[in-house]
Amino acid sequence: EHLLKGAVLVTITRLVQAVGAEVASIEGFITGVIQFSADVTAEHELYTLIDGLDLLLATLRNIGAATVGLLQVFPNVVAVVQRDFEHMQVCMHITESYLLLAPGEMYAMHSGPLATLFMLILGNVKDAGTLIALEVLETMITVRPVEGRDLLDQSGILLKILTMAVSGEEGSLVTASLLSLFARICAYDAPAFLALLLRLSPSVACPPSLQDSPSLLCVFIDLCVDKVDQLMLPKKRRTVAMALASLLATQDGHVLQRAPGIVNVIVEVLHQENKDALLPAQAEAAAQGFGDLLSRETGQFDCTVLEPQEQELQTVRRRQLEEADPLQHAVLPPFVRERLQQCAALNGQPLYEQMMGAVDPDILAQLNRFCPSS
């Protein structure tokens, strides 16, 4: 009997994939089935849970708008991860689909469960699982930059991410990905980032190798410069470059001393952008969803194979999110030049020229070609 329930769920999932957006007409029925099958407290969950989660994922990716019934299912997803991490990957896919489909409703109804979910995962799973979770967190702060940052701050998630990043215990790719999340916050609103870092600093214990650094901000900069090459997606390296450029608009002498490393990163990213402009097909491939990213970053592949028609509405939503993302639309050379001009205005031309004089002459010449002053 229980095996038959699993077969029925697989059939319903295929039906959802076949009807696409028309699944809205049977949403009430589908939601009831999901509530029944994706319940970790039910005696039949051993036979129905994974198929129920697959049905939920297919529904979220096909339906055109969220319903109250679908939103009420999300606590089931959190309960699955609270029990164990066996189904963490599909639960992360589901969470991202919820955020793309109904970001406002998710923040309004489920900010607590969202925080619980990521606090459970971060620091408690292997690298591949951490990378998946970080991609969903990036979606969280992209769909709602201010609300997302504040939720991650108030829940302790940002402190946990920062602690993991500076601990020296994570792999290079995970560390770079942790830093890129903070870099997005910085590039979007540098003053808010600096205030956040200052407030978190007393709670972050740096390892002995970093304790000589004058501030947590300098630790962040040094790690970004050191780890940025680990990021395979150009848009992530671009975000780090924008964050580092933003941090140059300061009178902090310790930050200004790090100008050579910062400028190196910026010039490398500018070169990559110039190359990508000639390779539109590769640039398009780099913009695909994080299920594909997992295979590129870690060599592992998402086991959930989705038909093109199933992905269509979610692909549209993801594209709309990217089109609305101000960081992706900022033109990098003028962005960098403006921050350098702010730096010169804050510190005076002589000190600015002294700072830039520490940059390798060849690198500086390339920067000036990419970012002419007039």
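Summary table
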{"item": "Tabulated pairs, segment 1-13, first of a type in the set (Lys, Arg), second assigned to a helix (DSSP H, G or I) and modelled with pLDDT of 90 or more, C-beta under 7 angstrom, 6+ apart or interchain", "result": "5/48"}
{"item": "Selection status of residue 36, more than 23 Å from residue 136 (Cα to Cα) and among the hydrophobic types (A, V, I, L, M, F, W, C)", "result": "yes"}
{"item": "Every pair of residues 6+ apart whose Cβ atoms lie under 6 Å, when the first sits in segment 270-285 and is of a type in the set (A, V, I, L, M, F, W, C) while the second is at pLDDT 65 or above", "result": "270/370; 283/276"}
{"item": "Answer residue from segment 230-252, given it is of a type in the set (A, V, I, L, M) and in contact with a Ser or Thr (Cβ under 7 Å, 6 or more places away or on another chain) and is farthest from residue 344 (Cα to Cα) among those", "result": "231"}
{"item": "Matching residues in segment 157-176 - criterion: being open to solvent by 10 Å² or more (accessible area, probe 1.4 Å) and of a type in the set (A, V, I, L, M)", "result": "159, 164, 173"}
{"item": "Positions within segment 209-223 being of a type in the set (S, T, N, Q) and without any contact (Cβ under 8 Å) to a residue 40 or more places away in the chain, in sequence order", "result": "211, 213, 215"}
{"item": "Selection status of residue 201, hydroxyl-bearing (Ser, Thr, Tyr), open to solvent by 10 Å² or more (accessible area, probe 1.4 Å) and part of a helix (DSSP H, G or I)", "result": "yes"}
{"item": "Qualifying residue in segment 229-243 (condition: open to solvent by 50 Å² or more (accessible area, probe 1.4 Å), touching a helix residue (DSSP H, G or I) at 6+ places or on another chain (Cβ under 9 Å), farther than 30 Å from residue 61 by Cα and at pLDDT 50 or above)", "result": "yes"}
{"item": "Filter pass, residue 152 being at pLDDT 95 or above, more than 25 Å from residue 321 (Cα to Cα) and in a helix (DSSP H, G or I)", "result": "no"}
{"item": "Residue check, residue 255 among the β-branched types (Val, Ile, Thr) and under 21 Å from residue 345 (Cβ atoms)", "result": "yes"}
{"item": "Tabulated pairs, segment 185-208, first aromatic (Phe, Trp, Tyr), second crowded, with 16+ Cβ neighbours inside 10 Å, C-beta under 7 angstrom, 6+ apart or interchain", "result": "188/145; 188/327; 193/185; 193/186"}
{"item": "Residue match in segment 130-139 (condition: surrounded by fewer than 20 Cβ atoms within 10 Å (Cβ to Cβ), modelled with pLDDT of 95 or more and either farther than 24 Å from residue 58 by Cβ or aliphatic (A, V, I, L, M) (or both))", "result": "no"}
{"item": "Wholly within segment 1-116, helices (runs of 4 or more DSSP H) carrying at least 3 residues that are hydrophobic (A, V, I, L, M, F, W, C) and open to solvent by less than 40 Å² (accessible area, probe 1.4 Å)", "result": "2-19, 27-37, 45-62, 74-83, 88-101"}
{"item": "Any chance residue 353 is surrounded by fewer than 13 Cβ atoms within 10 Å (Cβ to Cβ), part of a helix (DSSP H, G or I), more than 21 Å from the chain's Cα centre (by Cα) and acidic (Asp, Glu)", "result": "yes"}
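The values are calculated or read from the model by the stated rules, or taken from the named source; none is laboratory data. Since we're looking at a predicted model, the values are computed, not measured. Don't worry about glycine lacking a Cβ; one is built from the backbone with ideal geometry, like all the others, and counts go over all protein chains shown. What goes into the accessible areas is simple: the full protein's heavy atoms, side chains included, and nothing from ligands, DNA or RNA. Shrake-Rupley method; radii C 1.70, N 1.55, O 1.52, S 1.80 Å.
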